[in-house]
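To keep things clear, I will list the structure first and then write my remarks on it.
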Amino acid sequence: MTQNLSVSRGWVVVGMILLIACTGWAQSASVSVFAQGLNNPRGLKFGPDGNLYVAEGGTGGTLSTVGLCTQVPEVGPYTGGFTGRISKIGADGKVTTVVDNLPSSQTIASQGSLVSGVADVAFVGNTLYAILAGAGCSHGLAGTDNGVLRVNTDGSTTMIADLSVFQKRHPVKNPELADFEPDGTWYSMIAVNGVLYAVEPNHGELDSITTAGIISRISDISSIQGHIVPTAIAYNGTNFLVGNLDTFPIRDGSSKIMNITPAGSITTVNIDLTLIVGMAYDSSGRLYVLENTTGNQFPTPGTGKILRINGKHSYSEIAKGLSLPTAMTFGPDGNIYVSNNGFGFPAGQGQIVKITPPK
């Protein structure tokens, strides 16, 4: 049976897979565990202080909004809580909490109880920003919305941009109604020249958010590409690169990378990739791609890979054996840091792995 894949229900079989295939990442001289004890780790960035900041989706909760608002089909009704957080990891791998009690929600048990919460983080100057994916009435949390948060120096947060309201007022052209998320399921965010840029997979869009809270749509990806589930974003100095998941069952080679200009023009530049969840450039300007699962029709631990893009149809395998990774970034030391065991694992089993890429 073909299923439409979005971040809201794309991982619905992972709970069953984990019971039979919880293999972890393959041992390698170039791969090591940098930090552990995390709850559904997602996007991660190094701060100007040299520490690594990680968005943790949390562990969901039991709060419900049934009868209060429209629920998400297929995977709903969601339940939620305030178990999301942002953590800071020092050079020694020690994890400390920067912000906690952030919205976190989960699908119904029969669909894996899969968690969404804080999706990604980014810095503008010395200020940390985070994007929420697990908030909103449709996610079981009345009185909350998905949006971009500014993390204040006292550890409090201020919502600078309400993305739930924006998406409801500015619908995309071709939403996937079978698993439509009214509040969105934001995935990746980067900062470019003092402005934040975020990708939303369920609706299919790339938006900009200024630090003053002005939201603008760069591209309605759905209007041209349909429901391809865009997830990962990078910036090459001129244009944005956006990678996608595609639909279930997973077909190796069905994901791609699109070049999106600041005016919103879309061109496909790389193909034959699989289940893209992260992209990052190294200090030499080479693009790396994180694949969540390869060689399987559904998300499977121990099959994630990192590829380096050498040319239009030329890729080098940098690492394999990653276990349901969700995001990656380069550190100032030139190593790659990956959120591993990123979804579907019990609380506390998320980790950050460090990978030393070949020259």
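The values are calculated or read from the model by the stated rules, or taken from the named source; none is laboratory data. Bear in mind that the values here come from a model prediction, so they are computed numbers and not experimental data. We place every Cβ from the backbone using ideal geometry, glycine too, and count neighbours over all the protein chains shown. Accessible surface is based on the protein model in full, side chains and every heavy atom, while ligands, DNA and RNA are left aside. Shrake-Rupley method; radii C 1.70, N 1.55, O 1.52, S 1.80 Å.
Tabulated data for the structure shown
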item	result
Filtered residues of region 127-150 (kept if under 19 Å from the mean Cα position of the chain (by Cα) and in a strand (DSSP E or B))	L128, Y129, A130, I131, L132, G147, V148, L149, R150
Failed item in (1) free of Cβ contacts under 8 Å to residues at least 40 places away in the same chain; (2) open to solvent by less than 50 Å² (accessible area, probe 1.4 Å), with T153 passing the rest	(2)
Set G143, G136, G125, G90: member being without any contact (Cβ under 8 Å) to a residue 40 or more places away in the chain, on the phi > 0 side of the Ramachandran plot and among the small types (G, A, S)	G143
Positions within region 33-48 being assigned to a loop (DSSP other than H, G, I, E, B) and under 15 Å from V95 (Cβ atoms), in sequence order	N39, N40, G47
Within region 54-106, tally of residues that are open to solvent by less than 10 Å² (accessible area, probe 1.4 Å) and not in a strand (DSSP E or B)	7
Pair list, Cβ under 8 Å, 6 or more apart: region 270-291 residue at positive phi, other residue in a strand (DSSP E or B) and among the acidic types (D, E)	L275/E291
Members of region 246-302 found to be polar (S, T, N, Q) and over 23 Å from D120 (Cα atoms), listed by number	S254, S265, T267, T268, N270, S284, T294, N296, Q297
Complete set of residues in region 107-126 that are in a strand (DSSP E or B) and either farther than 19 Å from Q349 by Cα or touching a helix residue (DSSP H, G or I) at 6+ places or on another chain (Cβ under 9 Å) (or both)	S116, V121, A122, F123, V124
Subset of region 120-145 [within 17 Å of E56 (Cα to Cα) and of a type in the set (D, E, K, R)]	D120
Only listed residue being outside any strand (DSSP E or B), over 16 Å from the mean Cα position of the chain (by Cα), at pLDDT 95 or above and buried (at least 24 other Cβ atoms within 10 Å of the Cβ), chosen from P262, P301	P301
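Conditions tested, residue by residue: (1) of a type outside the set (V, I, T); (2) surrounded by fewer than 19 Cβ atoms within 10 Å (Cβ to Cβ); (3) over 24 Å from L68 (Cα atoms).
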position	(1), (2), (3)
G112	yes, no, no
F123	yes, yes, yes
A130	yes, no, yes
G140	yes, no, no
D145	yes, no, no
I160	no, yes, yes
A178	yes, yes, no
M189	yes, no, yes
I214	no, yes, yes
